[in-house]
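Written out below as structure tokens is the structure these notes cover.
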Amino acid sequence: MKEFMEKTSLAVNKASQVVIFVFFVTAFLSTVYQVFSRFVLQSTFVQEMIPMVDFSVFNLTWIEELIRYLFVWIVFLGIGVVYKSKEHAQVEVLHHYLPKKYKSQLIILIEVINSSLFLFLIIFGSRILKFTSQQISPSMGLNMTIIYGAVLICSIICLIHSLGNIVGLVISKSENNEITRVEVTGEGTNLG
């Protein structure tokens, strides 16, 4: 079970990173194109050099909306990547001062709370998608469910990572208990 959860979590994380990279490159190229078409092609210098061409047709109004929506998806997919690598903001005061035997229990409790939050976001995020299914974006004509779906997908990704962490921690804790029992048993016999 531990290996399955680790492989699933790693595969989801890899896929998220690839999608983030593609979205980021697309957003970057779209921004460069928008700046070029607005400030170079529509400059007075270019219009005086080539007065017979109307460069305003190259200024696509929907690109700004595309860039905004790509960044929404980049941020929400990035939440899952950061959560997987444990680089998110954490308050570690309690963890720092607890005795070693309680630290793993605290980490499991935190992951259970995180999983509950992600489950809450999945349930209520899917309900929100029902309301947004009637909304259409102004420039691109996209169904807004595609945009708001980022919250739901992010929550599913984070839940997969969190469940993987819980399974890994519980199995590691039980393996450590087994090793401790074997060591304690071995000390009182002539086997050690």
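Each value in this text was obtained by applying a stated rule to the coordinates, not by laboratory testing. Everything quoted here is computed from the prediction, not taken from an experiment. All Cβ positions, glycine included, derive from the backbone under ideal geometry; neighbour counts span all protein chains shown.
Can you give me the three principal axis dimensions of the stretch 63-111 from its C-alpha atoms, in Å, biggest first?
Taking the Cα atoms of the stretch 63-111, the three principal extents are 54, 16, 14 Å.
What's the ranking of 155-162, 133-140 by average number of surrounding C-beta atoms within 10 Å, highest first?
The densest-packed peptide leads the list: 155-162, 133-140.
So how do 61-69, 75-83, 45-53 stack up, highest first, on mean other-Cβ count within 10 Å?
75-83, 61-69, 45-53
Please turn the phi angles of the stretch 131-138 into ³J(HN,Hα) values with the Karplus equation 6.51 cos²θ - 1.76 cosθ + 1.60 (θ = phi - 60°), one per residue in order, whole Hz, x for glycine and proline.
Ordered by residue, 3J(HN,Hα) equals 6, 7, 5, 8, 8, 10, 5, x Hz.
By how many nm would the segment from V22 to I171 grow when fully extended, if each residue of separation counts as 0.36 nm and the alpha-carbon distance is taken off?
50.1 nm
With each pseudo-label sitting 7 Å past Cα toward Cβ, what's the V53-A11 distance in nm, one decimal?
4.9 nm
Could you work out how much longer the chain between V46 and F120 gets when fully extended? Use 0.36 nm per residue separation minus the Cα distance between them, nm to one decimal.
21.2 nm
Please give the length that would be gained between S137 and I108 if that part of the chain were fully extended, namely 0.36 nm times their separation in residues minus their C-alpha to C-alpha distance (nm, one decimal).
Working it through step by step, the gained length comes to 6.3 nm.
So what is the relative contact order for the chain, in percent, with contacts set as C-alpha pairs under 8 Å and at least six apart?
For the chain, the relative contact order is 29 percent.
Would you mind computing, in nm to one decimal, how far apart the modelled labels at Q90 and R38 are, each placed 7 Å from Cα along Cα→Cβ?
Here the modelled spin labels are 4.1 nm apart.
Can you pull the Rg over Rh of the stretch 1-125, Cα-only, Kirkwood?
That ratio is 1.24, to two decimals.
Could you tell me which of L98, F76, T61 has its Cα farthest along the dipole of the chain towards the positive end, charges placed at Cβ (Lys, Arg +1; Asp, Glu -1), taken about the Cα centre?
Farthest towards the positive end: L98.
Suppose every Lys and Arg Cβ carries +1 and every Asp and Glu Cβ carries -1, with no other charges. What dipole size does the chain come out with about its Cα centre, to the nearest 20 debye?
Here the size comes out at about 420 debye.
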